[in-house]
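Coordinate-derived values only; no laboratory data. Keep in mind the model is a prediction, meaning the values are calculated, not measured. In this analysis, Cβ positions are derived from the backbone assuming ideal geometry, glycine residues included, and neighbour counts consider all displayed protein chains.
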Amino acid sequence: MSEHERSTSTVESGMSVPANDIRGVLRIKPFRTLWIALGLSSLGDWLGLLALTAMAGQLAAGNYRTENFAIAGVLLLRLLPAVVVGPLGGYIADRLDRRWTLVVGDVIRFVLFASIPIVGTLWWLYVATVLIEAVSLIWLPSKDAAVPNLVPRDRLAVANQVSMVTTYGSALPAALLFTFLALINSSLIRTFHWFNGGSVDLALYFNALTFLVGALVVARLHEVSGRPASGEITEEQTNVLKAVIEGWRFVAQNRLIRGLVIGVVGAFAAGGVVIGLGRTYVTDLGGGAAGYGVVFGALFTGLAAGMAVGPRFLVGLSRRRMFGLTLTAAGLSLIAVALFQNLVLVAFCTVLLGAFAGITWITGYTLLGLEVEDSIRGRTFAFVQSLTKIALAAVLAAAPAIAGSIGAHGVELPGKVTLTYNGAAITFLLGGIAATAFGLVSFRQMDDRPGVSVLRDVRAVFSGHDRGFYADTGLFIAFEGGEGAGKSTQARRLARWLEDQGHTVTVTHEPGATDIGRDLRHLLLHGASGISPRTEALLYAADKAEHVDSMIKPVLAEGAVVITDRYVDSALAYQGGGRDLSQSELVRLSRWATGGLRPHLTVLLDLPPEAGLARVDGTPDRLEREPLEFHSRVRQQFLDLAALDPERYAVLDATQPVDELAAQIRNAVRPLLGGVGGGVGSEVGGPGAGGVDRPYDRRDGDSGDGDGGGDQREDPSRPGQPVQPQRPSEEAQA
Ligand SMILES: Nc1ncnc2c1ncn2[C@@H]1O[C@H](COP(=O)(O)OP(=O)(O)O)[C@@H](O)[C@H]1O
Ligand SMILES: Cc1cn([C@H]2C[C@H](O)[C@@H](COP(=O)(O)OP(=O)(O)O)O2)c(=O)[nH]c1=O
């Protein structure tokens with residue numbers, strides 16, 4: 001294990017894990033049990049979707065048109081109950097014992113799924129699909145309502161994130177499993193006479209089994225028993241149609257939301273076309289059930305990859321631009337899927353399609369969270385979610401129907417080559433063109449940098465130019481966090497420790513470390529009330545510009561350590577998360593003010609704002625007087641920023657005692673002190689560390705370590721040599 005890894009794991013295996021850490025929530029046993037049940041049921045759901053569409057196609061086999069209508073029927077029946085009677089599920093779940101609802105729901109779904117291949121007719125497949133959906137409509141709200149009782153409040157957001165990732169993330173293993181089961185199934189049919197079922201029977205039986213196991217898992221979960229307190233669920237259940245109608249009013253008024261809604265619906269429609277017609281298209285290309293599994297899996301691999309790496313690119317590019325661009329790219333990928341009549345190429349383009357759609361989706365969600373005004377955010381979310389459901393239902397139903405009515409067509413190419421384009425390919429093409437158009441429209445609606453070339457922006461992102469830079473000499477550490485998190489306390493503690501080891505350290509803070517800064521600080525914190533958010537952002541930016549130029553850069557140039565109490569993240573969190581200013585604009589403003597200088601490490605001291613504000617004494621300043629929701633948004637924004645670049649952050653639970661925190665901070669800083677202590681050779685710093693031309697300044701005659709951590713203060717291989725800075729990674733150096 002490298003020094004870096006060791007220090008991170010020490011930090012995280014601390015007694016209390018930060019509230020935003022997934023492991024923390026999974027350590028709660030009842031939640032973990034419920035999570036396993038959810039995982040099984042989601043796996044079953046996806047497997048069921050694949051198997052049922054495949055089976056519907058088979059049962060109606062023979063005619064291109066009826067096959068497509070049969071598939072459309074299954075997809076529509078799956079979605080329709082949710083759209084029409086969605087809230088009813090919550091209402092019923094409200095009146096039943098939760099554990100029994102979950103167990104019985106799973107057992108019923110087990111029986112229904114197992115019955116489908118046994119009965120083996122199309123009409124029973126439809127009836128069972130509706131019944132299964134109806135049960136799911138009660139099962140899911142019961143599950144959702146159970147979670148808040150199993151998890152403490154501050155971990156609820158992470159718990160929801162885990163549930164969401166599990167629900168969608170299980171599509172990929174389901175696709176792999178489906179492919180695998182389809183292959184086994186065909187060899188079973190060949191080998192054994194008694195196994196004379198259809199090519200997906202095995203998948204359906206397996207699927208049934210996931211529900212039975214899920215039932216057994218939940219049966220042991222006594223913690224979820226009982227009925228919810230009234231009102232608990234109904235809050236979650238918004239009436240779909242009502243939300244849509246009310247939502248139109250906001251959409252019509254707001255350019256940003258209009259662009260977002262158009263885009264999100266476009267992305268869903270593009271994805272829906274692939275799901276709705278994937279089965280037919282793969283058959284057209286000569287692939288069977290296994291091929292279908294591959295394409296389906298490709299879509300979700302792409303989605304997952306896009307969601308995982310997309311936000312990293314976002315650091316440099318305006319989110320609004322990113323949104324329209326990736327949607328356009330998703331549309332173009334769908335066009336490529338339609339034109340290439342080859343299964344391998346189709347699978348490849350489907351990965352791209354999924355990746356772009358994934359980035360669009362996550363960007364859209366982030367935009368909704370960050371840039372839509374607080375007062376209408378809830379309604380906008382409800383509106384977008386309802387609309388996507390309806391769009392998905394419409395596309396899933398319409399696409400196979402359109403494909404069925406188009407039928408098969410050939411295209412004559414010069415040289416006597418005939419390309420056959422069936423209804424599915426042509427529908428894909430139409431869907432791709434529509435998604436591309438949606439992407440372009442929403443780009444125009446939302447562009448926040450008119451007149452600036454898109455190519456230049458994109459190039460800047462890929463060259464890393466826009467991401468800022470890290471000083472070559474010295475070590476720059478920032479402390480961030482809400483009011484009273486303990487930043488100044490810990491900054492001083494760390495400085496003392498570093499000085500004891502012979503480093504030259506400057507402790508500073510924002511705002512107000514320079515002469516001009518002091519005046520700005522006074523204006524900002526104790527000046528007249530009613531300062532506009534933009535003015536506030538500019539004044540903080542002015543303070544940063546002065547701070548960086550006149551203090552931070554000169555000290556770093558001498559090779560010393562700079563520890564600052566607050567830096568750019570404070571602006572992004574307070575002015576961006578707290579006020580409603582655009583994140584991308586603030587990123588650019590801060591970058592301009594600081595010349596792009598970024599800390600080698602940011603220590604984020606995370607704690608609930610109530611706790612932090614309670615620690616602050618004296619008359620509260622202008623920002624401390626802001627309401628609790630303001631401070632909660634600030635906290636969330638800090639956590640989001642840390643999540644974008646985990647290597648550069650140490651996120652610590654600031655409710656811990658001062659000494660414990662100080663030790664964890666030392667652990668996080670130690671690997672950056674190149675040449676100090678062991679394990680440097682295995683550090684992740686890599687080549688970047690070797691290129692350092694200016695070592696730290698280091699006083700002679702080390703005094704004691706002071707923390708009893710047993711650290712070595714010198715590189716044993718280079719006694720008496722000054723220490724060299726190490727960087728967590730090279731990637732970010734511009
Ligand atoms: N880990 C901690 N636990 C309890 N109280 C703390 C802790 N760290 C600091 N404090 C106290 O909280 C108050 C605010 O600490 P300070 O370091 O000034 O926070 P900040 O700089 O983040 O506003 C001080 O009274 C300090 O003694
Ligand atoms: C640096 C910075 C601070 N702030 C806010 C956060 C704090 O409420 C205030 C700084 O006050 P300060 O008293 O230094 O905060 P703390 O004692 O918590 O460290 O300014 C911004 O809003 N934007 C910024 O860019």
Using the 10 angstrom Cβ neighbour count as an exposure proxy, how do LEU396, LEU80, LEU256, LEU628 rank, fewest first? LEU628, LEU80, LEU256, LEU396
Counting sequence-distant residues (5 or more places) and residues on other chains, those with an amide H built under 5 Å from that of ALA650 are THR602, VAL603, LEU604
For the range 115-130, Karplus-derived ³J(HN,Hα) couplings (6.51, -1.76, 1.60; θ = phi - 60°; whole Hz; x for glycine and proline) come out as 6, 4, x, 5, 5, x, 10, 5, 5, 5, 4, 5, 4, 4, 4, 5
Karplus-derived HN-Hα couplings along the range 425-434 (A = 6.51, B = -1.76, C = 1.60, θ = phi - 60°), whole Hz, x at Gly and Pro: 4, 5, 5, 4, 4, 4, x, x, 5, 4
Per its Cα gyration tensor (rounded if a/c is under 1.5, else prolate when a/b beats b/c, else oblate), the range 553-626 is best filed as oblate
Zone reached by a paramagnetic label modelled 7 Å from ALA528 Cα along Cα→Cβ, restricted to the range 598-626 with backbone N below 18 Å, covers 622-623
